[in-house]
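The structure under discussion appears below in the form of structure tokens.
Please treat every number below as a calculation from the coordinates, not as lab data. None of these values were measured; they are calculated from a predicted model. Cβ coordinates were reconstructed from backbone atoms using ideal geometry, including for glycine residues, and neighbour counts include every protein chain displayed.
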Amino acid sequence: MPNISRDEVAHLAKLARLAVTEEELDVFAGQLDQILDSVAKVSEVAGEDIPPTSHAVPLTNVFREDTVRPGLTQQQALAGAPASEEGRFRVPRILGEEQ
């Protein structure tokens, strides 16, 4: 007995704003039915004594600790800029050039 009907697939397609043909409804119903069967099989295997996992192998955080370090001053940051104005980087204007 199928887990999902053609009408349910049509309703899901409508909610997702997908235009599907009559033939696609049959195909998608079969595919979704297989997906639901696979999920049901996994649910049968998972026991109470097995904790849920997101990965097959344990993961370790590889990021370093955040440390406060001195940054550049405004003058140091602007020293290598080709142009600056009022303490900021000056860049060529690009808005409105198409007009």
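Okay, here's what the table says:
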{"read-out": "Charge dipole (debye, nearest 20) of the range 4-99; +1 at Cβ of Lys and Arg, -1 at Cβ of Asp and Glu", "value": "860"}
{"read-out": "In the chain, chymotrypsin sites (Phe, Trp or Tyr not before Pro) in a DSSP loop with at most 14 other beta-carbon atoms within 10 Å", "value": "Phe63"}
{"read-out": "Derived scalar couplings ³J(HN,Hα) [the range 79-91; Karplus, 6.51 cos²θ - 1.76 cosθ + 1.60; whole Hz; x for Gly, Pro]", "value": "4, x, 6, x, 8, 9, 8, 6, x, 10, 5, 9, 10"}
{"read-out": "Between helix 6-15 and the chain: long-axis angle, C-alpha atoms, 0 to 90°, nearest 10", "value": "20"}
{"read-out": "Percentage relative contact order, the chain, counting C-alpha pairs under 8 Å, at least six apart", "value": "17"}
